[in-house]
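**Q** Attaching a single structure in structure tokens format; questions to follow.
The values are calculated or read from the model by the stated rules, or taken from the named source; none is laboratory data. All of these numbers come straight from a predicted model, not from anything done at the bench. Because the Cβ atoms are built from the backbone with ideal geometry, glycine has one as well, and the counts that use them run over all protein chains shown.
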Amino acid sequence: MWDYSETVKEHFYNPRNAGTVEGSNATGDVGSLSCGDALRLTLKVNPETEVIEDAGFQTFGCGSAIASSSALTEIIKGMTLDAALQVSNQDIADYLDGLPPEKMHCSVMGREALQAAVADYRGEEWKDDHEEGALVCKCFAVDEVLIEETIRANNLVSVEQVSHYTKAGGGCASCHEGIEEILTRVLAEKGMVFDPSAEPPPELESSPMTLAQGATGMTNLQRIRRIEMVIESIRPQLQMDKGDVELVDVMGDTVYVNMIGACNGCQLASQTLGGIQQRLIEDLGGFIKVLPASELPKAAVAGA
């Protein structure tokens, strides 16, 4: 499992400012339930001074997402909008005494929600909505603009780091080439050369254990039951959109599911699978891949 600071645990178990702010006059929505994380940030802004008098959040995501959202609301209360816009995702992580590298995307989501809420208050169009840049990662709907901004803001140098900070590339990996192209371009601006064969940063040297290696310390039966619980927690959100998902089989590190109703054949099916995969990875603390049941090995199907 991830190594969380005591501050992260505190904000997860006792989140500050959870819920919608009464009398709010600014709202920022980011993320997507189909991608595994979503955040709504509401602010009550004094119209005369532009000071944030109150802030609240509603988060659908992992413990780090909840803790990051809680920390963000604590940081920005009492700030002017202009001052709040200077808060970086690293500031959020620092407030929590650090986040695991694999969870830095939660702090990035908080920063985006703040930008969206300020734009909403000022009657401006929030630009980071996948219209400025091409969609690079289809699994998690991450565009070129966000990847570039995050690389620059956090001095990222590897595909692994980009995935940890934005989730891009954490699904099917088909977008890794596109991420490498962005890294090459951005690093060249700094006089640096991107080297995909270079050793990973220290915090990435130890690869996470797979489920088959016993990363969670659970028996196979316990893992399967845990997977069932996670999928059951996701189903109500899909059912609201006339869709559904059911667990079909678990083979090693691969989970096979059936997409049902509106989810069957939907253009966003790959994003939904990516969201389920991310939730399972975060809950089980090890690598796991989610595939449609149609990709089950024929021998497994024949033996069913």
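**Q** Any residue that is among the small types (G, A, S) and surrounded by fewer than 17 Cβ atoms within 10 Å (Cβ to Cβ) - is there at least one of those in the stretch 45-64?
**A** no
**Q** Which pairs have Cβ atoms under 9 Å, sit 6 or more apart or on different chains, and link a residue in the stretch 220-244 that is without any contact (Cβ under 8 Å) to a residue 60 or more places away in the chain and within 15 Å of D283 (Cα to Cα) to one that is in a helix (DSSP H, G or I) and basic (K, R)?
**A** Every condition considered, the pairs that remain are V230/R279; I231/R279; S233/R279; I234/R279.
**Q** Separate question: When the residues of the stretch 133-152 are narrowed to those that are aliphatic (A, V, I, L, M) and surrounded by fewer than 19 Cβ atoms within 10 Å (Cβ to Cβ), which ends up modelled with the lowest pLDDT?
**A** It comes out as A134.
**Q** Further question on the same structure: For the stretch 90-110, which residues satisfy the criterion of being buried (at least 23 other Cβ atoms within 10 Å of the Cβ) and either touching a residue at least 60 places away in the same chain (Cβ under 8 Å) or under 18 Å from T7 (Cβ atoms) (or both)?
**A** I92, A93, L96, L99, K103, M104, H105, C106, S107, M109, G110 - these are the residues of the stretch 90-110 that are buried (at least 23 other Cβ atoms within 10 Å of the Cβ) and either touching a residue at least 60 places away in the same chain (Cβ under 8 Å) or under 18 Å from T7 (Cβ atoms) (or both).
**Q** In the stretch 204-236, how many are assigned to a helix (DSSP H, G or I), of a type outside the set (D, E) and at pLDDT 50 or above?
**A** Counting residues in the stretch 204-236 that are assigned to a helix (DSSP H, G or I), of a type outside the set (D, E) and at pLDDT 50 or above gives 15.
**Q** Has the stretch 240-254 got at least one residue that is modelled with pLDDT of 70 or more, more than 26 Å from E160 (Cβ to Cβ), part of a helix (DSSP H, G or I) and under 24 Å from the mean Cα position of the chain (by Cα)?
**A** Yes, the conditions are met somewhere in the stretch 240-254.
**Q** For residues that are of a type in the set (S, T, Y) and modelled with pLDDT under 90, scanning just the stretch 19-34, find the one that is surrounded by the most Cβ atoms within 10 Å (Cβ to Cβ).
**A** The extreme case among them is S34.
**Q** While we're on this one: Would you call A65 free of Cβ contacts under 8 Å to residues at least 60 places away in the same chain and in contact with a Cys (Cβ under 9 Å, 6 or more places away or on another chain)?
**A** Yes, satisfied.
**Q** Among the residues in the stretch 285-297, are any at pLDDT below 70, surrounded by 16 or more Cβ atoms within 10 Å (Cβ to Cβ) and in contact with a helix residue (DSSP H, G or I) (Cβ under 8 Å, 6 or more places away or on another chain)?
**A** Yes, some residue in the stretch 285-297 is at pLDDT below 70, surrounded by 16 or more Cβ atoms within 10 Å (Cβ to Cβ) and in contact with a helix residue (DSSP H, G or I) (Cβ under 8 Å, 6 or more places away or on another chain).
**Q** Here's another thing I want to ask about it. Output the residues belonging to the stretch 222-249 that are out of contact with any Lys or Arg (no Cβ under 9 Å at 6 or more places or on another chain) and polar (S, T, N, Q).
**A** Q222, Q237, Q239
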